[in-house]
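Contents: one structure, followed by commentary.
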Amino acid sequence: MYKILNAEKLASNIISMDIEAPRIAKHCLPGQFLIVKVDEVGERIPLTICDYDSDKGIVTIVFQPIGASTRRMADFHAGDFFEDVVGPLGQPSEFTKMDIDELKKKKIVYVAGGVGTAPVYPQLKWLYEHGITADAIVGAKTKDLIILEDKLKEVSNLYLTTDDGSYVRKGMGTDVLRDLVENQGKHYDVCVAIGPMIMMKFVCVLTKELEIPTIVSMNPIMVDGTGMCGACRLLIDGEVKFACVDGPEFDGHKVDFDLAMKRQQMYKTDEGRALLEEEE
Ligand code: FES
């Protein structure tokens, strides 16, 4: 059993939870995820690790209660227990595997959207702790949905934008990136995009045009998280990959986003799920 130490709302529909999970906290790195099971019969819910404290044995998850399982999770409070928390799963961020001196020579920009802002934080924090301050463009629909602003400011050069212009500036993350490169003389060696698939797709369209290599963190439907069920299957440069074991990070310019989004839509209906299961 895994104890919830803290549960709080970051925005009207975004919840953060600190969970006591010393083994995961000790071994995890930015970019990895875990799977939560609320009770014995509950679904397995994959969630990116949004912060961790190896000394205190705590991992932090951030989620939006949008499906039946995450809505159940949202009913849990500090002092309650999850039946199981499995992790860390997936590959850590590419940056954690690189030579630090080489990495320090790179100009890095992150583009995050919505709840995708949460998994960006541990990556920026890790880079900052290794002497690298990256630029971070964070977009949300409205001011109320901007999360982690103060924490992000501590570890990055933060550029905020809102779709409706209710905070800082109006526009998408891609508008800010284009502005920085084309009007403010910024040069980037690598871009990391994390957020809804449609957002990552359009970041990749832009970075292809601007010739900036781009890493995306894919978040397809996951079931077992171990490469066995096939639910998280993606097409990367024409090759089948599984986000849970081969990812979640991939070369954004090689991802077939249209197929990934189609699969995500199909999972929303019983009929679509049955068809995908037949394929797998
Ligand atoms: Fe089952 Fe990835 S979640 S193969």
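Does Met218 count as within 16 Å of the ligand (Cβ to nearest atom) and within 18 Å of Gly31 (Cα to Cα)?
yes
Given the criterion closer than 19 Å to Val115 by Cβ, of a type outside the set (A, V, I, L, M, F, W, C), more than 16 Å from the ligand (Cβ to nearest atom) and modelled with pLDDT under 95, identify the matching residue among Ser156, Ser166.
Result: Ser166 is the single residue among Ser156, Ser166 that is closer than 19 Å to Val115 by Cβ, of a type outside the set (A, V, I, L, M, F, W, C), more than 16 Å from the ligand (Cβ to nearest atom) and modelled with pLDDT under 95.
Determine whether Val203 is more than 22 Å from Ile66 (Cα to Cα) and surrounded by 15 or more Cβ atoms within 10 Å (Cβ to Cβ).
The answer is yes for Val203.
Among the numbered criteria (1) crowded, with 18+ Cβ neighbours inside 10 Å; (2) out of contact with any Lys or Arg (no Cβ under 7 Å at 6 or more places or on another chain); (3) free of Cβ contacts under 8 Å to residues at least 40 places away in the same chain; (4) of a type outside the set (Phe, Trp, Tyr), which single criterion is violated by Leu259?
Going through the list (1) crowded, with 18+ Cβ neighbours inside 10 Å; (2) out of contact with any Lys or Arg (no Cβ under 7 Å at 6 or more places or on another chain); (3) free of Cβ contacts under 8 Å to residues at least 40 places away in the same chain; (4) of a type outside the set (Phe, Trp, Tyr), Leu259 breaks only (1).
For residues that are within 15 Å of the ligand (Cβ to nearest atom) and under 26 Å from Glu211 (Cβ atoms), scanning just the stretch 244-256, find the one that is surrounded by the most Cβ atoms within 10 Å (Cβ to Cβ).
Filtering the stretch 244-256 for residues that are within 15 Å of the ligand (Cβ to nearest atom) and under 26 Å from Glu211 (Cβ atoms), the one surrounded by the most Cβ atoms within 10 Å (Cβ to Cβ) comes out as Pro248.
Output the number of residues of the stretch 153-183 satisfying the condition of being touching a Leu at 6+ places or on another chain (Cβ under 7 Å), closer than 15 Å to Met199 by Cβ and either free of Cβ contacts under 8 Å to residues at least 60 places away in the same chain or basic (Lys, Arg) (or both).
Adding up the residues that qualify gives 1.
Report whether or not Val62 is at pLDDT 90 or above, touching a Gly at 6+ places or on another chain (Cβ under 8 Å) and not in a helix (DSSP H, G or I).
Details: at pLDDT 90 or above: yes; touching a Gly at 6+ places or on another chain (Cβ under 8 Å): no; not in a helix (DSSP H, G or I): yes.
So Val62 fails the test.
So which residues in the stretch 221-242 are part of a loop (DSSP other than H, G, I, E, B) and either within 16 Å of the ligand (Cβ to nearest atom) or within 15 Å of the chain's Cα centre (by Cα) (or both)?
Start the filter on the stretch 221-242 by keeping residues that are part of a loop (DSSP other than H, G, I, E, B), which leaves 221-232, 237-238.
Scanning the stretch 221-242 gives Ile221, Met222, Val223, Asp224, Gly225, Thr226, Gly227, Met228, Cys229, Gly230, Ala231, Cys232.
Suppose we filter the stretch 34-62 for residues that are among the hydrophobic types (A, V, I, L, M, F, W, C), touching a helix residue (DSSP H, G or I) at 6+ places or on another chain (Cβ under 8 Å) and within 16 Å of the ligand (Cβ to nearest atom); how many remain?
Residues flagged as among the hydrophobic types (A, V, I, L, M, F, W, C), touching a helix residue (DSSP H, G or I) at 6+ places or on another chain (Cβ under 8 Å) and within 16 Å of the ligand (Cβ to nearest atom) within the stretch 34-62 amount to 3.
Looking at (1) touching a Ser or Thr at 6+ places or on another chain (Cβ under 8 Å); (2) within 19 Å of Val203 (Cα to Cα), find the lone condition where Val120 falls short.
(1)
Per-residue answers, yes or no, for (1) part of a loop (DSSP other than H, G, I, E, B); (2) of a type in the set (A, V, I, L, M):
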site	(1), (2)
Ile4	no, yes
Lys26	no, no
Ile66	yes, yes
His77	yes, no
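Keeping to the stretch 185-200, report how many residues are surrounded by fewer than 15 Cβ atoms within 10 Å (Cβ to Cβ) and part of a helix (DSSP H, G or I).
1
The values are calculated or read from the model by the stated rules, or taken from the named source; none is laboratory data. The structure displayed is predicted, hence computed values, not measured ones. Backbone-built Cβ (ideal geometry, glycine too); neighbour counts: all protein chains shown.
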